[in-house]
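Novice: This structure is in structure tokens; I'll ask about it shortly.
The values are calculated or read from the model by the stated rules, or taken from the named source; none is laboratory data. Quick caveat, the model's predicted, so the values are computed rather than measured. Counting neighbours? That spans all protein chains shown, and the Cβs are built from the backbone with ideal geometry, glycine included. Please note that ligands, DNA and RNA were not included when accessible areas were found on the heavy atoms of the full protein model with its side chains. Shrake-Rupley method; radii C 1.70, N 1.55, O 1.52, S 1.80 Å.
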Amino acid sequence: MSVTLNVDSAQALYKFSFEGEGVNGYFTYDDTTIGTPNSPNATTYFDGGYDYKFDLGEKGVFQGTVGNPIVFLPRLEDGITAPETDDFLWEVRAPQRQPASEFALVNYFHYPKGSFEGSTALRTTVPSTAILDVYPNVDFPNSIGNLLYTGTVQTRIEKVPEPALLPALLVVSAGFIFRRRPKLST
């Protein structure tokens, strides 16, 4: 009997969750995903996210199984006319949406400038409060579309527990013991 267990101890999944008045949701992502710098102040982690749900109450529910975490630090000195915040985004490109769409879904979690200490590394911690902006009809670079929701939310990031390996190892060990046990003669 041969047993192979594949465990990538370097991989760590994280769950970002949020909750506000009438809204809640989450997304999960792998913090070992290699980022693609878009600029000195923005990095996209393509296909680094796995599962998401944004429940905006009467305004709709957006959910699926793939997405792209983005860390963005808009700064006026870089010619970006947005407010200076530290942003953690969840982007679902048009072909990634379920069902597929002609538009991307982009969700901005805005934190105070300096919260990420100037880093566009994938987040494993964030402050507890953010402003959430949801844009479900983004046609980048032509248009960001209409803002569907904006509001204050409580946020947190938790490491997703690794699968319980101990019970599996106990079952395999028990199988070896009972298979190898000599038969008693009477």
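Novice: When only residues in the range 32-53 that are part of a strand (DSSP E or B) and in contact with a Pro (Cβ under 7 Å, 6 or more places away or on another chain) count, which is farthest from Glu91 (Cα to Cα)? Can you show your working first?
Specialist: We begin by selecting, within the range 32-53, every residue part of a strand (DSSP E or B); these are 36-39, 42-44, 49-53.
Filter once more, keeping what is in contact with a Pro (Cβ under 7 Å, 6 or more places away or on another chain): 43, 49.
On the way: Thr43: 12, Gly49: 9 Å.
Among those residues, the one meeting the criterion is Thr43.
Novice: A follow-up question, please. Among residues belonging to the range 1-22 that are touching a helix residue (DSSP H, G or I) at 6+ places or on another chain (Cβ under 7 Å) and either at pLDDT 95 or above or surrounded by 11 or more Cβ atoms within 10 Å (Cβ to Cβ) (or both), point out the one that is farthest from Asp86 (Cα to Cα).
Specialist: Val3
Novice: Here's another thing I want to ask about it. Which condition from (1) surrounded by fewer than 19 Cβ atoms within 10 Å (Cβ to Cβ); (2) modelled with pLDDT of 95 or more; (3) over 16 Å from Asp55 (Cα atoms) is the one that Thr152 breaks?
Specialist: Evaluating Thr152 over (1) surrounded by fewer than 19 Cβ atoms within 10 Å (Cβ to Cβ); (2) modelled with pLDDT of 95 or more; (3) over 16 Å from Asp55 (Cα atoms) leaves (3) as the failure.
Novice: Answer yes or no as to whether Ile131 is at pLDDT below 95, surrounded by fewer than 19 Cβ atoms within 10 Å (Cβ to Cβ) and hydrophobic (A, V, I, L, M, F, W, C). Write out each step before concluding.
Specialist: Working: at pLDDT below 95: no; surrounded by fewer than 19 Cβ atoms within 10 Å (Cβ to Cβ): yes; hydrophobic (A, V, I, L, M, F, W, C): yes.
No; evaluated as a whole, the condition is false for this residue.
Novice: A further question on this structure: Looking only at residues that are of a type in the set (Lys, Arg), over 20 Å from Lys159 (Cα atoms) and within 20 Å of the chain's Cα centre (by Cα) in the range 82-128, which one is least open to solvent (accessible area, probe 1.4 Å)? Let's see the steps before the verdict.
Specialist: Filtering the range 82-128 down to residues of a type in the set (Lys, Arg) leaves 93, 97, 113, 123.
With the extra rule that they be over 20 Å from Lys159 (Cα atoms), the set shrinks to 93, 97, 113.
Now restrict to residues that are within 20 Å of the chain's Cα centre (by Cα): 93, 97.
On the way: Arg93: 100, Arg97: 37 Å².
Ranking the candidates gives Arg97 first.
Novice: Sticking with this structure for a sec: Given the criterion touching a Phe, Trp or Tyr at 6+ places or on another chain (Cβ under 6 Å), more than 21 Å from Tyr149 (Cα to Cα) and either open to solvent by less than 30 Å² (accessible area, probe 1.4 Å) or at pLDDT below 95 (or both), identify the matching residue among Gly35, Gly79, Gly25.
Specialist: Just a single option satisfies the conditions, and that option is Gly35.
Novice: Might you check whether a residue that is without any contact (Cβ under 8 Å) to a residue 24 or more places away in the chain, closer than 23 Å to Gln154 by Cα, among the hydrophobic types (A, V, I, L, M, F, W, C) and out of contact with any Asp or Glu (no Cβ under 7 Å at 6 or more places or on another chain) occurs anywhere in the range 40-57?
Specialist: No, the range 40-57 contains no residue that is without any contact (Cβ under 8 Å) to a residue 24 or more places away in the chain, closer than 23 Å to Gln154 by Cα, among the hydrophobic types (A, V, I, L, M, F, W, C) and out of contact with any Asp or Glu (no Cβ under 7 Å at 6 or more places or on another chain).
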